[in-house]
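Read the figures in this text as sums done on the coordinates, not as results from a lab. Treat the numbers as computed from the prediction; the structure is a model and nothing was measured. Because the Cβ atoms are built from the backbone with ideal geometry, glycine has one as well, and the counts that use them run over all protein chains shown.
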């Protein structure tokens, strides 16, 4: 039931994920040095400002150029403990690389993500003990959920000498970083390797298959009260809830599946096969919709995104749409689903859609699109139940946990929170950046060095 | 973590990285910012009698897309009042007692040397660097590099400095001499405590072809300046090597200067025998921040070699710098082209055909075509292998090295754009381990075809 950190279970080999090739394969030494030497080593660089974790990108790239790869990894990981996976999964096109001065000069921006991955992978392969934890503080911290926010927070807390316990209800840790990343960007094993390294940084215990609940009823559950009682501080990295539903006729039953659920199975479930699926319709216009459609297209399935807004309103990144289209994915805009169509046997045969103008249906314009599979990518619900059961923790009207943005502390002075459950669903790098803010505040609290405590009382 | 601290003739420094006397050490504010960034020491911009500077002052040379591979300057010594410099030196030492502040000095008469040395020491200078290297402007007035090129004068002035100073005296040498050993020996004879080299090399950076004026231009004329930057590193290493392998001069600590830009360059100078290294151009290009990589990289390098301090690295390569006559004539390498890495650009082929020994072949030719292309030795089999590497040219073939003919010159490896694609592999030659000097010893120091050899051959036939 409970596992110590080195015992993260292996994923089985026969999964669809292994069929995908890396879109951005790892650099070899010569490639990395050649790319690093292109960097201008700008001062006050726009790439740093565009990085949510403010990695000193020009410095780490210069270090790659001088052969100081270990130093490059230190520069990256000091700012972002998940620097390796961020190098693979960050939308660099709209972050660091998108800000590179070369863009304005009509030159290829520096391949920052690939260089970052190269530096961390190479340095950790040669010497995993790049950082040493401080002496034990005797303080204990519980982290709820094992997504990127919690993993990064756990690593930093452990390096400060705190005793850390992570509670994860699934058997595989990592959240969407393990189970939600497009397989042509990063595979499950790669995410788990990174997590294993982070958990080795200090005194970290990982409890898998254990759920935090308002009131405990089984050995696989720990109650909120117990958690608050046994630990000096608690970090909530709850992520998001299950895929939202369309709420249209015919949706219930086989052949209709939520997007993140499908990606998770594609990555980790060896039993998943797309037998008899020739055509798929993905409902949604965001990045998850593109990912699913792109992944299905790469498996040879005729995949079409169906979106109710116009082409210019798609919230998915342009570079992802372009990349998906190159691989055969199609996008159909200004259509809204009305019903999932099924035959006499209940098998999905398609989706009835209606044309839209300004996202509003135009009566009498229904048409039927043929499909064997319908994937719903219209967002995820909020994981509100656990958060609410912590006394003092409040949520906004959209179900996001309310925190002080300067500290990421919730209304409960012992509880901090970061990641998707706070920001509503952003990138891995945002979760890491928020986790760092939370850890800085938690550490000050645990060590009794908080600034402005007296002032707060007096005011 | 290795111990990077050094003791240079009694001057203590937390690490071997010093800023050279130059624009980056012009003011106290700059030196303090440099120390905050991690520099272990600074040699202050040369103090002396008041001068006037020109505008413009610097010239750069690019190579391909690389900016400022070399830099030259026609700036003279400090143009700030001596009192201001001394006040700032005192303030820097007060705030940074554990960092090395060395005053670079350049004056003319014995009295002037006495005064400036004493005033620098009163301000808290940890040591003096006698600027006998500046090759522009000041040398026209009998100072700077003019001193390095006259060993007797150098010895005399350095003796004055040693006499007046209570702190260590370092002599900075100019590379603009025929043999660096002569000024090096003069330093030793003077009783000075250390040597720094190289100062800059006399140079003209280019010509403005529209105005017909050399660069850098001052109005409608220019002058020769001092050349530095990454391009001069090999020249500097050679001159350092000449002194660190010298049986007596090597007893003095040496501060290496010339094109040092990163930790690897620094490690090379230290391995050749330097105690500290001085940096200027790389800082002028990228700022004080580069020292972070230098400290970290050198530290990790020492750790990776199991060395606990700079001491263990210093001079490890000095004795492997030998005369040509001591090299093993029986040693042989040949080029080896990796089939997996070759991208088919054929630059190695062209370099070998026109610049070396015609031993790299392009597959798919008839013997006649190969001979017409310029080969004189045709191997029995030239394997026809298509390139497979990422980025390879479609349809290109991997060139083939005729190992029987390859003389192991390195040229193909040097021109290959893919790092690690061409390696020079050791092969056994049928020759014994023997140097030219061994041959001289046993009376076999003749070259076939020479007059000496012909006489021997003739004697053999007649006898």
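Peptide packing: for A:286-292, B:241-247, A:212-218, the average count of neighbouring Cβ atoms within 10 Å per residue gives the ranking A:286-292, B:241-247, A:212-218, highest mean first. When only Cα pairs below 8 angstrom with a gap of at least 6 residues are kept, chain B shows a relative contact order of 13 percent. Spacing of the modelled spin labels on residue A:134 and residue A:358, each 7 Å from Cα toward Cβ, amounts to 5.7 nm. Against chain B, whose longest principal axis is taken from its Cα atoms, helix B:151-164 shows a tilt of about 40°. Legend: mean number of C-beta atoms from other chains within 10 angstrom of residue C-beta atoms, peptide B:289-299, equals 5. Only helical runs count toward this figure. For chain B, summing -39,500 (n - 2.57) over DSSP H runs of n ≥ 4 and dividing by all residues gives -9000 deg cm²/dmol at 222 nm.
The Rg/Rh ratio of the protein assembly as shown, with both radii computed over alpha carbons and Rh defined as the Kirkwood radius, is 1.06.
Considering helices alone, the calculated mean residue ellipticity of chain A at 222 nm is -10000 deg cm²/dmol, with DSSP H runs of length four and up weighted by -39500 (n - 2.57) and normalised per residue. Of all the Cα-Cα pairs you can form in chain B, what percent are over 40 Å apart? Result: 35 percent of Cα pairs exceed 40 Å.
For segment B:1-116, give me the percentage of DSSP beta bridges that are antiparallel, rounded to the nearest 5 percent. Percent antiparallel among DSSP bridges in segment B:1-116 is about 50. Protection proxy ranking of A:145-158, B:284-297, B:216-229, by the mean of other Cβ atoms within 10 Å over each peptide's residues and highest first, is A:145-158, B:284-297, B:216-229. When each of B:5, B:255 is scored by the number of other beta-carbon atoms lying within 10 Å, the sequence from fewest to most is B:5, B:255. Taking every DSSP beta bridge that has both ends in chain A, the antiparallel portion is near 35%.
With a Förster radius of 45 Å applied to the C-beta separation of residue B:29 and residue B:434, the computed FRET efficiency comes to 0.15. Distance between the modelled labels on residue A:225 and residue B:378, one decimal in nanometres: 9.5 nm (7 Å Cα→Cβ projection). The distance from the alpha carbon centre of segment A:290-355 to that of segment A:242-288 is 11 Å, rounded to a whole number.
A straight line joining the Cα centroids of segment B:316-345 and segment A:360-389 runs 66 Å. Specify the inter-centroid distance of segment A:140-218 and segment B:123-172, based on alpha-carbon positions, in whole Å. So the two Cα centres are separated by 64 Å.
A crude spin-label estimate for the pair residue B:410 and residue B:321, with each label 7 Å from Cα along the Cβ direction, gives 1.5 nm. This ranking places A:82, A:19 by how few other beta-carbon atoms lie within 10 Å of each, fewest first, which gives A:19, A:82. Remark: mean inter-chain Cβ contacts per residue of A:57-66 equal 3, using a 10 Å Cβ-Cβ cutoff to other protein chain atoms. Here chain A is treated as an ellipsoid with the same Cα gyration tensor; its semi-axes, largest first and in whole Å, are 37, 29, 21. Kindly express, to the nearest 10 degrees and within the range 0 to 90, the angle between helix B:28-37's C-alpha long axis and the longest C-alpha principal axis of chain B. Here the helix axis deviates by roughly 50 degrees. Going from the fewest other Cβ atoms within 10 Å to the most, the residues B:426, A:205 appear in the order B:426, A:205. Where does helix B:82-95 land angle-wise versus the long Cα axis of chain B, in degrees 0 to 90, nearest 10? Value to nearest ten degrees: 80.
With the convex hull drawn around the C-alpha atoms of segment B:312-438, the volume per residue stands at 147 Å³.
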